[in-house]
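What follows is calculated from the coordinates using simple rules that are stated; it is not laboratory data. Keep in mind that this is a model prediction, so the values were computed, not measured. Cβ: placed from backbone, ideal geometry, glycine included. Neighbour counts: every protein chain shown.
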Amino acid sequence: MIVLVALISGLMFALGLGLAGMTRPEKILAFLDLAGAWDPALMLVLAGASGLYLLASPAILQRDRPLLAPRFTVPARRHIDTRLVVGAALFGVGWGLVGLCPGPALVGLAGGGGDLVLFVAAMLAGMSLFNRVEAPSP
Amino acid sequence: MATSSLPFALLGGLLIGAAALLLLAAAGRIAGISGIVGGALRRPAGDLAWRLAFVLGLLVGGAVLRVLSPETLPKSLPQSGPVIVLAGLLVGFGARLGGGCTSGHGVCGLGRRSLRSLTAVVTFMTTAFATAYLARHALGGSA
């Protein structure tokens, strides 16, 4: 059952990205490039998504447990450390180079382009590299 | 063109938020793509099934988009192969090191008022703005 919900959530996520135009790297770069013909779409996507989450998540997290799982698994760390800042900085450089982050890259595979396969393969390699060099964080 | 797409951007954002809320309410999980995928790549794999199901949902969603609206999916990228590989490595490694990407820190983290996520979002937006500017103007790249 939890698998079905995860599948539906992923499907909704992908359709949301597509509807918002976020699967098109040129739209991401048009947001990131302030000196070009600026496209504010990404800001609205983030505002809509995080705004809805902000409104509804407190009521969900107040419950004793999720509907289909024994407990909520949400990050408990509050500490801002070097890893967080360095990791986010590296991520931003990669994102700004091509205009793809993990979600849109995976959704974009359906377009059938070899460049997308190359990006996703490198992205998965980068994630595996992290898993190899770092002990899993709690 | 850019402005006519703004209502769809907001609608798409709401759908993304609803997808993340569904995962939280039912599975108690954060809908962070890099965390979900990165966790699936970890050995020994633990809770693999829901992670793979979520990724399968993304891929199926892509296939649906291909049928309904093929122009939303990129066929190729303008950057050279080495740049694409470098960008992919940075996105994958950086998201894992930083504990999340645009979805985990951006959508869910900001939506939980997490100071860590706000720090991450401000940081990756800053380096992404700088990189996009340099790649498209200063270095005369693919614009």
Sticking with the crude label model, points 7 Å out along Cα→Cβ, report the distance from B:L11 to A:D64 in nm, one decimal please.
4.1 nm
Test of understanding: what is the full-extension gain from B:L56 to B:R43, defined as 0.36 nm times their sequence separation minus their Cα-Cα distance?
2.7 nm
If you take the charge dipole of chain B about its Cα centre, with +1 on Lys and Arg Cβ and -1 on Asp and Glu Cβ, which of B:G12, B:A130, B:S34 is farthest toward its positive end?
B:S34
Over region B:1-115, what is the relative contact order in whole percent, taking alpha-carbon pairs under 8 Å and six or more residues apart?
35 percent
Between B:R29 and residues 5 or more places away or on another chain, which pairs have amide H atoms under 5 Å apart, with H built 1.01 Å from N, and which residues are they?
A:T73, B:L24
From the Cα trace of region A:1-67, what convex hull volume per residue do you get, rounded to a whole Å³?
90 Å³
In whole Å and largest first, what semi-axes does the C-alpha gyration tensor of region B:76-143 yield when each eigenvalue is scaled by 5 and square-rooted?
26, 14, 9
Assuming a viscosity of 1.002 mPa s and a temperature of 20 °C, what translational diffusion coefficient in µm² per second does Stokes-Einstein assign to the protein assembly as shown, Rh being the Kirkwood radius over Cα pairs?
118 µm²/s
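Can you tell me the dipole magnitude for region A:1-137 around its Cα centre, using point charges on the Cβ only (Lys, Arg +1; Asp, Glu -1), in Debye to the nearest 20?
Values: 9 positive and 7 negative charges, 106 e Å.
The dipole of region A:1-137 has a size of about 500 debye.
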Picking from A:I80, A:I60, A:I28, which is most flexible by a Gaussian network model of chain A using Cα springs under 10 Å?
A:I80
Over chain B, with a Gaussian network built from C-alpha contacts below 10 Å, which listed residue (B:L110, B:L11, B:L41) shows the highest mean-square fluctuation?
B:L11
Globularity index of chain A, i.e. its alpha-carbon radius of gyration over 2.2 N^0.38 Å:
1.21
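Which of rounded, prolate or oblate describes chain B when judged by the alpha-carbon gyration tensor and an a/c cut-off of 1.5? Write down the numbers at each step before the final one.
Numbers: a/c = 1.41, a/b = 1.26, b/c = 1.12.
Since a/c stays below 1.5, the shape of chain B is classed as rounded.
Per the Kirkwood treatment, what hydrodynamic radius in Å, one decimal, follows for region B:10-76 from the mean inverse distance over all distinct Cα pairs?
Working: mean 1/r = 0.0746 Å⁻¹.
Computed over region B:10-76, the radius equals 13.4 Å.
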If the elastic network links every pair of Cα atoms under 10 Å, which of B:G35, B:G111, B:G57 fluctuates the most in the Gaussian network model of chain B?
B:G57
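Per the helix-only calculation at 222 nm, which mean residue ellipticity applies to chain B, given -39500 (n - 2.57) for every DSSP H run of n ≥ 4 and division by its residues, nearest 500 deg cm²/dmol?
On the way: 5 runs with 88 residues, N = 143.
After summing the helix terms and dividing by residue count, I get -21000 deg cm²/dmol.
For the protein assembly as shown, what is the charge dipole size about the Cα centre, in debye to the nearest 20, if Lys and Arg each add +1 at the Cβ and Asp and Glu each add -1 at the Cβ?
Numbers: 20 positive and 9 negative charges, 153 e Å.
So the dipole magnitude of the protein assembly as shown works out to roughly 740 debye.
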For A:N131, the net charge from surrounding residues (Cβ-Cβ under 12 Å; K, R +1; D, E -1) works out to +3
